Amino acid sequence: MDLTIRPATADDLDAVNAIYNHYVATSTCTFQLDPDTAEERRAWFDGRSAAHPVTVAVAGGEVIGWAALSAWKARCAYARSAEASVYVRHDRHRRGVGRALLLDLLDRARAAGLHTVIGGACSEHPASLALQEAVGFERVAHFREVGHKFGRWLDVVYMQLVL
Ligand SMILES: CC(C)(COP(=O)(O)OP(=O)(O)OC[C@H]1O[C@@H](n2cnc3c(N)ncnc32)[C@H](O)[C@@H]1OP(=O)(O)O)[C@@H](O)C(=O)NCCC(=O)NCCS
C-alpha cells in the first residue's frame, strides 16, 4: 500500500469525523455517545497546540486513518505528558496503518519535547492494546467499570510509554 502520514489540514476533517463517528455509533473503543458535528470537529482541530498535532494516513488519495496527541491532564506540571489516539477506517484494519500512525506520532512527541505518552483503551478491545504493546507501551492501570455504553459497564486499561 502506498501510505503517506502527514499533518492534517482543515480539508481532512470531514474524513476524520467520518472515521471517528463510525466508532461512536458502533463500538466501545470510544466512550463518546453522540457523533461529533463538523463544527465540533473544527473547534477541536483549531484548539490544538504545536505539541498536540493531528495527523492523517493517506492511501490512494483517501484519508484512511488519523492520529492525535492531546493533553493528558490540564494542570501545568503534566505539560510533557500526552494521550495518543489512533483511528483507522473500519474497512482498512490489519494493514499496518495503525502502527505507522502511532510510530509517526511518537516521533512527533519526541520532537515536541514530550516525556511520556499514555494510551487509554477499553479492555474489550485487544486490537488497541496489542497495537500499543507492539510499539513498546506497557500496561500501567486497569480501571473497573468506569464507562457505561450500550447498556453495560466498561473497564479501561491505561498504557504508557516513557519516550
Ligand atoms: C487499534 C487500531 C488503530 C489498529 O489499527 P490497524 O491499522 O488495524 O493495526 P496494524 O495493522 O497497524 O497492526 C499493528 C499491530 O497491532 C496489533 N493488532 C492490530 N489489530 C489487532 C487485532 N485485531 N488483534 C490483535 N492484535 C492486533 C498487532 O500486533 C499488529 O501487528 P501485526 O499485524 O504485525 O500482528 C484499529 O483496530 C482501530 O482503528 N480500531 C478502532 C479504534 C481504536 O480502538 N483506537 C484505539 C483507541 S485510541
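Given a cut-off of under 8 Å on Cα pairs at least six residues apart, what relative contact order in percent is computed for the chain? Mind showing how you got there, number by number?
Numbers: 285 pairs, mean separation 32.3, N = 163.
The normalised contact order for the chain reaches 20 percent.
Specify, per residue and in Å³, the volume enclosed by the convex hull of the alpha carbon atoms belonging to segment 85-132.
Details: hull volume 3.5 nm³, N = 48.
Spelled out: Cα convex hull of segment 85-132, divided by residues, is 73 Å³.
Any chance you could check the Cα centroid distance between segment 81-126 and segment 141-163 for me, in angstrom?
Going from one Cα centre to the other spans 16 Å.
Accessible area of the chain with a 1.4 Å probe: how many percent of it is carbon plus sulfur?
Taking all protein chains in place, the chain shows 51 percent carbon and sulfur surface.
Ignoring everything except DSSP H segments at least 4 long, calculate the 222 nm mean residue ellipticity for the chain; use -39,500 (n - 2.57) per segment, divide by total residues, nearest 500. Write out the running numbers ahead of the final one.
On the way: 4 runs with 47 residues, N = 163.
So the helix-based figure for the chain works out to -9000 deg cm²/dmol.
Which of the three applies to segment 54-163, rounded, prolate or oblate, going by the alpha-carbon gyration tensor with a ≥ b ≥ c and a/c under 1.5 meaning rounded? Before the final figure, lay out the partial values.
Working: a/c = 1.77, a/b = 1.07, b/c = 1.65.
Oblate, since a/c reaches 1.5 and b/c is not below a/b.
Which of the trypsin sites (Lys or Arg not before Pro) found in segment 67-150 are loop residues per DSSP with 12 or fewer other Cβ atoms within 10 Å of their Cβ?
Listed in order of number, the matching sites are 73, 75, 94.
Could you give the length gained by full extension between residue 2 and residue 22, i.e. 0.36 nm per residue of separation minus their alpha carbon distance, to one decimal place?
4.8 nm
Treating only the Cβ atoms of Lys and Arg (+1) and Asp and Glu (-1) as charged, compute the dipole magnitude of segment 3-162 about its Cα centre; round to the nearest 20 debye.
440 debye
Once you have the Kirkwood Rh of segment 1-74 from its Cα pairs, apply Stokes-Einstein at 10 °C and 1.306 mPa s and quote D in µm²/s.
121 µm²/s
Just to compare against my own numbers: the Cα pair-distance distribution for segment 1-127, 5 Å bins, whole % per bin, please.
2, 10, 21, 24, 22, 15, 5, 1, 0
Could you work out how far apart the two model spin labels at residue 32 and residue 156 are, taking each label as a point 7 Å from the Cα in the direction of the beta carbon, and quote it in nm?
Simple spin-label model gives 1.5 nm for this pair.
In Å², what does the accessible area per residue of the chain work out to with a 1.4 Å probe?
Values: 8830 Å² over 163 residues.
For the chain, the solvent-accessible area averages 54 Å² per residue.
Any idea of residue 63's accessible area? Nearest 10 Å², probe 1.4 Å.
The accessible area comes out at roughly 20 Å².
Got a sec? What order do 137, 45 fall in by accessible area at 1.4 Å, biggest, i.e. largest, first?
45, 137
How long is the gain from residue 125 to residue 74 if the chain were fully straight, where each residue apart is worth 0.36 nm and the alpha carbon distance is subtracted? Write out the running numbers ahead of the final one.
Numbers: separation 51, 0.36 × 51 = 18.36 nm, distance 2.68 nm.
Full extension from residue 125 to residue 74 adds 15.7 nm.
The values are calculated or read from the model by the stated rules, or taken from the named source; none is laboratory data. Keep in mind that what you see is a predicted model, and the values were worked out from it rather than measured. Positions of Cβ are generated from backbone atoms using ideal geometry, with glycine treated the same way; all protein chains shown enter the neighbour counts. The accessibility values were calculated without ligands, DNA or RNA, using every heavy atom of the protein model including side chains. Shrake-Rupley method; radii C 1.70, N 1.55, O 1.52, S 1.80 Å.
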